Amino acid sequence: MTEDSRFDDIYLRLNELTQDVATLKIQAGTIGTSQVAIARTLSLATGLASDMREVKTDIREMKADIQNLNAGLEEVLRLLRGGGSQA
């Protein structure tokens, strides 16, 4: 092997290593970014689940209030109907 071919081989290997390192940097950056995105998504999902539980509780309370109002209105209507027929 001549000196020139040795240098060519070294430069070829250096170029391949440089490309490998660049690829690894991209992969590492992507993996890190993906992990952050996953952590943020999980955090957001947990927060949304908590909010949804609160909303469901509020809806149940509103339903109970509406049922109580309906019962009260039925009672008022019953009294009005009963009072009107007695007069």
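The values are calculated or read from the model by the stated rules, or taken from the named source; none is laboratory data. Just so you know, these numbers come straight off a predicted model, no measurement behind them. Side chains included, ligands, DNA and RNA excluded: accessible areas come from the protein's heavy atoms. Shrake-Rupley method; radii C 1.70, N 1.55, O 1.52, S 1.80 Å.
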Quiz item: Name the residues in the range 3-17 that are polar (S, T, N, Q) and open to solvent by 90 Å² or more (accessible area, probe 1.4 Å), would you?
Solution: 15
Quiz item: In the range 19-42, how many residues are of a type outside the set (A, V, I, L, M, F, W, C) and open to solvent by less than 80 Å² (accessible area, probe 1.4 Å)?
Solution: 5
Practice problem: Could you list, in sequence order, all residues of the range 43-54 that are of a type in the set (Asp, Glu) and open to solvent by 90 Å² or more (accessible area, probe 1.4 Å)? | Solution: 54
